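**Student:** After the structure tokens below, expect a handful of questions from me.
The values are calculated or read from the model by the stated rules, or taken from the named source; none is laboratory data. None of these values were measured; they are calculated from a predicted model. Please note: Cβ atoms are built from the backbone with ideal geometry, for glycine as well, and neighbour counts cover all protein chains shown.
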Amino acid sequence: MEIINKLENSKIIKRIFFALVGTIFLAISSKIKIPFYPVPMTMQTFMVLVIGIIFGWKLGVFTILLYLFEGIIGLPVFSGSPEKGIGIIYFTGPTMGYLIGFIFASFLAGYFNYNKNFFLNFLKLIISVSIIYILGLIWLGILIGWDKPIFELGAKPFLLAELFKISLITLLLASLKKAKKFI
């Protein structure tokens, strides 16, 4: 019985460690701006999907929740923080819907089974990332008003970058699935 408890404790510690590492990579990915048209691209949504794929849906969702908690308590992990604010004030700003969408995107990316069909895998990742934009646009509409051009402000400038990131993940899926074995 003691050996089983030690094994369970080591699994929990290992998962917490990976979740913390995941939040670090997610925070870093939110800070790096890559020149892209029409707006600079961060790799944040890329990391959300990668975390879901490698960690699986349970640990992936836990990692995203931990990341959001870190940001809500004031750690400057979000894109645009600390220069645009920190903590709950930043979280409840225009990007809250997108940040909540990270939870569901990671869940879907981790829940889906991937095979050798490039198109089907690409479609699954499109569905996964779409939830980020759906929730983001809903929150943006609530926050700034539905009379504003919500889609043009909150999604259109980022679509080309998302297609690039999803294509990259689709190409890397075999390697990402291999990395999952270490978690």
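**Student:** From (1) closer than 19 Å to LEU49 by Cβ; (2) surrounded by 15 or more Cβ atoms within 10 Å (Cβ to Cβ), pick out the condition that doesn't hold for LEU140.
**Tutor:** (1)
**Student:** Separate question: Restricting attention to segment 22-40, and to residues there that are over 14 Å from the mean Cα position of the chain (by Cα) and not aromatic (Phe, Trp, Tyr), which single residue is modelled with the highest pLDDT?
**Tutor:** Once the filter is applied, the top-ranked residue is ILE32.
**Student:** Only one of these is touching a helix residue (DSSP H, G or I) at 6+ places or on another chain (Cβ under 6 Å), under 21 Å from SER128 (Cβ atoms), free of Cβ contacts under 8 Å to residues at least 24 places away in the same chain and not hydroxyl-bearing (Ser, Thr, Tyr): PHE91, PHE102, PHE112, PHE107. Name it.
**Tutor:** Going through PHE91, PHE102, PHE112, PHE107 in turn, the sole match is PHE112.
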